[in-house]
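The values are calculated or read from the model by the stated rules, or taken from the named source; none is laboratory data. The structure displayed is predicted, hence computed values, not measured ones. Cβ: placed from backbone, ideal geometry, glycine included. Neighbour counts: every protein chain shown.
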Amino acid sequence: MRSTIARMAALAGAGVLALGIAHATEVFDPNTRTWVPYDPGQAIRYYKQHGQVPSDFQRQVVTFRTAEKPGTIVIDANKHFLYLVLGDFKAMRYGIGVGRDGFGWAGIVRVGRKTEWPTWTPPAEMVARDPKAAKWANGMPGGVDNPLGARAMYLYEGNQDTIYRIHGTNEPWSIGLDISSGCIRMNNDDVIDLYERVPVGAKVIVLMQGAALYRGV
Amino acid sequence: MMKIWLVAAAALSLGACQSSSTSAPEPQSGAVRASVVTAPADLQLLCATEAQTRLGASDVLPVSSSQTEPGRYTVLLSAGGGQASCVVTDEGVIESIA
């Protein structure tokens, strides 16, 4: 497993990947009948106006043609979707937020452990660059204001913690954006739903163009 | 097993074609899309699974994809320390792996 991510980084380093391609989200505006950029400002306005994220980012069963086993998680980071394979060519699809420029990654990992209302401890580099994070250098207790939200699934490569997680959020408007430090964020209702369906050990496949940006530990 | 799957996928696709019209319907309010077209995730994984079978490689992972024409995608794969290229259609038919 570990070599998979390393090989991908090598491929990208050799220029095989189309690095630097933007995969920003667009949302359809029925008033102007045009696609408009779904940036953080637009996302906040949309959430305030509708009280929820765009319907495509809401939890739903979709057709998913795969030979992967039921219980496998497939993350399409470019399209901001997380699929949980259900079998019979179906999957549960959830909207997600993913790593911003420079923080994206791809690979095959697994759910190493799970936690309810997790404590958030910002990494040292985040503490150094963000005064808000520095306040919680020794750990922020779980709760509705915690950036990890209601649940966290810790992603491991082999027996090593990748430092990446699938977790909830205290910013529900941020689904559909490239906004995290590499973690996969979901709305709290969705991450609770996923948490209940996925056991420790579940396979997680992360697809993202520009995967050279992975910074393994 | 894969052949059975492909037949099923083709049947699903055929059903979809029968119910579609010649012009694409206008998106619904709340519809989203990515600004760059990549292959659907399930088709990328279909390529990876087929490459594992045909090339005997393990840990095959899609690393990039693009739409080469409507309904057809090229998927680049990291495969066993090397790389492979797969062409797959919206119907789930793998046209080539090299």
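When restricted to residues that are in contact (Cβ under 8 Å) with a residue 40 or more places away in the chain, of a type outside the set (Val, Ile, Thr) and not in a loop (DSSP other than H, G, I, E, B), the range A:62-94 contains 5. Within the range A:104-118, residues that are within 14 Å of another protein chain (Cβ to nearest Cβ) have Cβ atoms under 9 Å from residues that are of a type in the set (Phe, Trp, Tyr) in these pairs: A:Gly104/A:Tyr214; A:Trp105/A:Tyr164; A:Trp105/A:Tyr214; A:Ala106/A:Tyr214; A:Gly107/A:Tyr214; A:Val109/A:Tyr156; A:Val109/A:Tyr164; A:Arg110/A:Tyr156, counting only partners at least 6 apart in sequence or on another chain.
When the residues of the range A:23-35 are filtered to those that are outside any loop (DSSP other than H, G, I, E, B) and either surrounded by 12 or more Cβ atoms within 10 Å (Cβ to Cβ) or facing chain B (nearest Cβ under 7 Å) (or both), which remaining residue is farthest from the chain's Cα centre (by Cα)? Residue satisfying both the conditions and the ranking: A:Asp29. When the range A:147-161 is filtered for residues that are among the aliphatic types (A, V, I, L, M) and closer than 10 Å to A:Glu116 by Cβ, the ones remaining, listed by number, are A:Ala150, A:Ala152.
What's the number of the condition A:Gln58 fails, among (1) under 26 Å from B:Leu61 (Cβ atoms); (2) of a type outside the set (A, V, I, L, M, F, W, C); (3) buried (at least 16 other Cβ atoms within 10 Å of the Cβ); (4) over 13 Å from the mean Cα position of the chain (by Cα)? With respect to (1) under 26 Å from B:Leu61 (Cβ atoms); (2) of a type outside the set (A, V, I, L, M, F, W, C); (3) buried (at least 16 other Cβ atoms within 10 Å of the Cβ); (4) over 13 Å from the mean Cα position of the chain (by Cα), A:Gln58 is out only on (1). Those helices (runs of 4 or more DSSP H) of the range A:95-204 in which at least 2 residues are surrounded by 15 or more Cβ atoms within 10 Å (Cβ to Cβ), considering only elements entirely within it, cover A:124-129, A:188-197.
When A:Ala128, A:Ala150, A:Ala124 are checked against the criterion of being of a type in the set (A, V, I, L, M), out of contact with any Pro (no Cβ under 8 Å at 6 or more places or on another chain), within 23 Å of A:Arg197 (Cβ to Cβ) and more than 14 Å from chain B (Cβ to nearest Cβ), a single residue qualifies: A:Ala150. Just to be sure before I move on: is B:Gln44 under 28 Å from A:Asp39 (Cβ atoms) and either facing chain A (nearest Cβ under 10 Å) or modelled with pLDDT under 90 (or both) in the structure I sent? Yes; evaluated as a whole, the condition is true for this residue. Looking only at the range B:49-58, decide whether some residue is closer than 26 Å to A:Lys203 by Cβ, facing chain A (nearest Cβ under 7 Å) and in a strand (DSSP E or B). No, the conditions are met nowhere in the range B:49-58.
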